[in-house]
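As structure tokens, the structure follows; a few thoughts come after it.
The values are calculated or read from the model by the stated rules, or taken from the named source; none is laboratory data. Keep in mind that this is a model prediction, so the values were computed, not measured. Heads up, the Cβs are rebuilt from the backbone with ideal geometry, glycines too, and the neighbour counts pull from every protein chain shown. The protein model used for the area step is the full one, side chains on, heavy atoms only, and it has no ligands, DNA or RNA in it. Shrake-Rupley method; radii C 1.70, N 1.55, O 1.52, S 1.80 Å.
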Amino acid sequence: MKQKRDGKSKNNKAAAAPPAQFLGEINNEADLKAFLQNVRDKMAEETAPPVYAFAVMNQILTTPDIFTLLNNENKEVARDIWLRIKQAGFQARNPAMLFGSDEGLETSTVAPRS
């Protein structure tokens, strides 16, 4: 006989976790700097896969208070992580908040129709 499933898997708990649990407690610029440096160090040591760093950067860059946490030092570390991700083979556009609005944008050479 087959047993009925309740539709919930054990992994749903991790997927429903709030962002603070994924990133740890990041409440100020110093916390973000320490976290980013940890990610960068793990990438340099090759103990964290680039997909982990990509997921972390996505989570960080979409937090509501990122503009208050992202000072010049944190931007520099985040840029370093992003460039390491791209060097690993990920094909993604550079985030404007890290590289400026013109970075990573392609321009078309085709003339517009009249």
Stretched fully, the stretch from ASN58 through ALA92 gains (0.36 nm per residue minus C-alpha distance, one decimal, in nm) 11.1 nm
Expected unfolding gain across GLU45-GLU29 under the 0.36 nm per residue rule, minus the alpha-carbon gap, is 3.3 nm
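I need the calculated FRET efficiency for the pair ASN38 and PHE67, taking r as the beta carbon distance and R₀ as 30 Å, to the nearest 0.05.
Numbers: r = 22 Å, r/R0 = 0.72.
With a Förster radius of 30 Å, E is 0.85.
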For segment 42-92, the percent of accessible surface on carbon and sulfur atoms (probe 1.4 angstrom, ligands and nucleic acids excluded) is 51
Rounded to the nearest 10 Å², the 1.4 Å probe accessible area of PHE35 is 30
